[in-house]
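Beneath this line is the structure, given in structure tokens, with notes to follow.
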Amino acid sequence: MIIFLDNAESILDSEYAREIYPLVEELSQVKDVCLCLTSRISAVPPACKVLDIPTLSMEAAHDTFYHIYGGHGQSGPVKTILEQLDFHPLSITILATVAFQDGWDTATLARQWEGRRTDILRMHHEGGDLAATIELSLASPMFRRLGSDARGLLEVVAFFPHGVNENNLDWLFPSLANRTEILDTFCTLSLTHRSDGFVTMLAPFRDHLRPKDPASSPLLQATKDCYFDRLSVDLNPDEPSFEKAQWIRSEDVNVEHLLVTFTSIDGGVARGADAIRVWGTCAYFLEHLYWHKPRLVVLGPAIEGLQDDHPSKLRCLLELSRLFGMVGNHTEYKRLLTHVLGLSRERGDDLQVAETLRAISNANRLLGLHEEGIRQAKEALKIYERLNNISGQAYSWQRLAWLYYDNKQLGAAEEAASQVINLLSGGGEQFPVCECHRVLGKLYHSQGKTEKAIEHFDAALKIASAFEWDYQLFWNHYSLAEVYLDEDEFDDAHVHVERAKSHANNDPSQLGRAMRLQARFWYKRGMLEEAKSEALSAVDLFKMLGATAELEFCMVILRNIEEAQ
């Protein structure tokens with residue numbers, strides 16, 4: 001005998017649950033009875049074997065939709081909507097039913113979805129919609145026992161694209177003593193699920209549960225303040241606390257969504273304390289990304305749209321420009337910096353003028369405009385000397401070292417790099433010292449002085465390792481791999497190729513460069529198909545990033561491979 005208990009949560013999570021559980025357990029032990037329960041909650045009698053029902057595959061979602069809707073189309077808009085529903089079976093069933101009953105063609109369905117999102121998931125008979133299903137769970141005894149904070153926390157989980165990070169609950173929700181219990185219960189009720197360390201939820205649930213007015217949600221406001229407090233620190237690679245900011249690597253998508261939401265509320269016009277703090281935090285966020293997860297952001301147009309006299313305009317533009325520089329879009333890097341320089345001169349801020357000139361000199365170096373870059377670095381150096389700013393002088397000499405090196409003025413490059421090392425020999429910031437050892441390593445490599453080159457790369461690695469600077473570790477291992485490749489010492493080259501990869505840290509631009517290096521390694525070994533595959537992967541990545549200069553380097557490698565085939 002087979003007995004089905006459909007929607008069993010209605011009895012398993014009820015005032016009669018204490019009596020129901022023993023009865024269900026007793027039935028499950030009868031030999032000639034097969035008891036099957038369907039339930040949204042995972043709290044079932046222990047004798048029952050639990051089978052989790054996953055979301056649908058793309059193919060299954062497509063078949064489910066068209067089985068109800070009719071036809072066998074391959075509509076792009078339908079595919080997009082199914083993806084945005086996270087392939088949730090109930091949502092797809094309701095969507096197809098509503099579209100069929102209302103006689104919508106796929107174009108009308110796309111317009112309705114764009115305007116109303118999950119509000120269209122309501123069938124004409126009572127209770128036949130997604131909202132009713134969700135609200136049943138929220139009305140259950142199990143949910144009500146969680147107390148008044150539960151709905152607010154559920155809204156916060158729904159608000160963030162990735163949900164909430166379980167490793168960060170202590171500083172995200174310090175006022176909720178039972179936060180772990182609440183989140184566990186959400187999962188038990190199938191309102192949320194766990195994924196890659198986050199408690200998150202499917203897109204249809206997010207659409208229904210996220211706060212319609214984020215500014216009016218007390219817990220979301222408190223969570224926003226916790227994120228902002230965590231972000232609002234200046235990052236210095238020389239400080240031990242620098243590595244603690246790596247938390248942004250897992251939280252960047254959530255933080256960006258938070259900032260997009262709250263910067264859009266005032267449109268950059270409001271000048272109240274809260275609005276100014278939001279934009280100030282935006283600058284800190286961009287700085288965190290620059291150091292720990294370089295990538296482009298959707299905040300760019302909003303930043304450029306700020307009025308020039310906005311308190312945060314200059315710094316946000318500066319940090320945005322650095323991200324463009326880091327991912328290899330040097331034209332945008334320079335364009336934004338030029339705007340920053342104009343604002344700095346208007347405000348009479350000599351220190352900011354010097355720092356911006358130094359940055360533009362680097363942009364010009366990356367664009368191959370070496371003479372222009374040298375003039376700007378020298379102008380920055382004069383300002384720093386007038387201000388008696390030793391750190392600024394060191395960084396200016398570092399910029400000149402790179403510019404002279406790239407412009408084939410090797411004697412001047414060697415002198416500039418040595419100036420930095422001597423200037424900071426008694427202590428102080430070690431980042432420019434590390435950079436200048438790398439300059440000298442590349443300089444001596446170009447002159448065929450292999451031992452001296454390796455000596456300086458090793459010195460740079462020693463400094464970078466002490467501070468755990470992945471960016472510097474990547475580039476020095478990269479450079480050592482090039483040295484050994486040129487010497488046809490493939491075993492040593494392979495070691496440094498792998499070590500460079502290990503310090504790419506899922507940074508798309510660094511991963512692309514690691515692919516390019518690997519392609520060159522295969523090319524030198526005569527493994528042309530492997531080299532071509534790796535180079536093409538790097539090309540795709542740099543095209544996506546808009547990194548034109550890096551793309552050109554890859555195309556040179558591809559041409560060399562094709563000529564050798």
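The values are calculated or read from the model by the stated rules, or taken from the named source; none is laboratory data. What you are looking at is a predicted structure, and each value in this text was computed from that prediction instead of being measured. Heads up, the Cβs are rebuilt from the backbone with ideal geometry, glycines too, and the neighbour counts pull from every protein chain shown.
Here is how the numbers come out for the structure above:
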{"item": "Counted residues, the range 329-361 - those being touching a Gly at 6+ places or on another chain (Cβ under 9 Å) and not in a helix (DSSP H, G or I)", "result": "1"}
{"item": "Matching helices (runs of 4 or more DSSP H) fully within the range 362-426 where at least 1 residues are closer than 18 Å to residue 460 by Cβ and in contact with a helix residue (DSSP H, G or I) (Cβ under 6 Å, 6 or more places away or on another chain)", "result": "390-406, 410-423"}
{"item": "Failed condition for residue 104, given (1) in the same structural domain as residue 89 (by TED's automatic domain parsing); (2) in a helix (DSSP H, G or I); (3) hydrophobic (A, V, I, L, M, F, W, C)", "result": "(2)"}
{"item": "Members of the range 237-247 that are in contact (Cβ under 8 Å) with a residue 40 or more places away in the chain and either part of a helix (DSSP H, G or I) or surrounded by fewer than 17 Cβ atoms within 10 Å (Cβ to Cβ) (or both)", "result": "238, 242, 243, 245, 246, 247"}
{"item": "Residue that is farthest from residue 249 (Cα to Cα), among those in the range 508-553 that are at pLDDT below 90 and crowded, with 22+ Cβ neighbours inside 10 Å", "result": "550"}
{"item": "Odd one out for residue 196 among (1) free of Cβ contacts under 8 Å to residues at least 40 places away in the same chain; (2) on the phi < 0 side of the Ramachandran plot", "result": "(2)"}
{"item": "From 85, 169, 138, 153, residue being under 30 Å from residue 262 (Cα atoms), in contact (Cβ under 8 Å) with a residue 60 or more places away in the chain and not assigned by TED's automatic domain parsing to the domain that holds residue 62", "result": "153"}
{"item": "Of residues in the range 181-211 being within 21 Å of the chain's Cα centre (by Cα) and not in a strand (DSSP E or B), the one nearest to residue 152 (Cα to Cα)", "result": "206"}
{"item": "Residues of the range 151-187 satisfying the condition of being within 21 Å of residue 55 (Cα to Cα) and either touching a His at 6+ places or on another chain (Cβ under 7 Å) or surrounded by fewer than 18 Cβ atoms within 10 Å (Cβ to Cβ) (or both)", "result": "160, 161, 184, 187"}
{"item": "Criterion (in contact (Cβ under 8 Å) with a residue 40 or more places away in the chain and surrounded by 19 or more Cβ atoms within 10 Å (Cβ to Cβ)) met by exactly one of 398, 376", "result": "398"}
{"item": "Residue satisfying all of: in the range 83-113; small (Gly, Ala, Ser) and closer than 25 Å to residue 158 by Cα; surrounded by the fewest Cβ atoms within 10 Å (Cβ to Cβ) among these", "result": "110"}
{"item": "Extreme residue, farthest from the chain's Cα centre (by Cα), among residues of the range 300-323 that are outside any helix (DSSP H, G or I) and acidic (Asp, Glu)", "result": "309"}
{"item": "Those residues of the range 276-299 which are of a type outside the set (A, V, I, L, M, F, W, C), in a helix (DSSP H, G or I) and either modelled with pLDDT under 95 or surrounded by fewer than 18 Cβ atoms within 10 Å (Cβ to Cβ) (or both), in sequence order", "result": "277, 280, 290, 292"}
{"item": "Top-ranked residue in the range 218-236 [being within 20 Å of residue 275 (Cα to Cα) and polar (S, T, N, Q); ranked as surrounded by the most Cβ atoms within 10 Å (Cβ to Cβ)]", "result": "223"}
{"item": "Filter result for residue 273 (crowded, with 16+ Cβ neighbours inside 10 Å, outside the structural domain of residue 86 (by TED's automatic domain parsing) and of a type outside the set (Phe, Trp, Tyr))", "result": "no"}
{"item": "Hits in the range 495-533 (condition: more than 24 Å from the chain's Cα centre (by Cα) and among the charged types (D, E, K, R))", "result": "520, 524, 525, 529, 530, 532"}
{"item": "Checking residue 148 against (1) touching a residue at least 24 places away in the same chain (Cβ under 8 Å); (2) among the hydroxyl-bearing types (Ser, Thr, Tyr); (3) surrounded by fewer than 21 Cβ atoms within 10 Å (Cβ to Cβ), the condition it does not meet", "result": "(1)"}
{"item": "Qualifying residue in the range 433-444 (condition: free of Cβ contacts under 8 Å to residues at least 24 places away in the same chain, aromatic (Phe, Trp, Tyr) and in contact with a helix residue (DSSP H, G or I) (Cβ under 6 Å, 6 or more places away or on another chain))", "result": "yes"}
{"item": "For residue 171: the one exception among (1) part of a loop (DSSP other than H, G, I, E, B); (2) closer than 22 Å to residue 250 by Cα", "result": "(1)"}
{"item": "Given (1) free of Cβ contacts under 8 Å to residues at least 40 places away in the same chain; (2) touching a Cys at 6+ places or on another chain (Cβ under 9 Å), index of the condition residue 302 fails", "result": "(1)"}
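Yes/no matrix, rows are residues, columns are (1) within 21 Å of residue 329 (Cα to Cα); (2) of a type in the set (D, E, K, R); (3) not assigned by TED's automatic domain parsing to the domain that holds residue 481:
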site	(1), (2), (3)
499	no, yes, no
517	yes, no, yes
523	no, no, yes
529	no, yes, yes
536	yes, no, yes
542	yes, no, yes
549	yes, no, yes
554	yes, no, yes
559	no, yes, yes
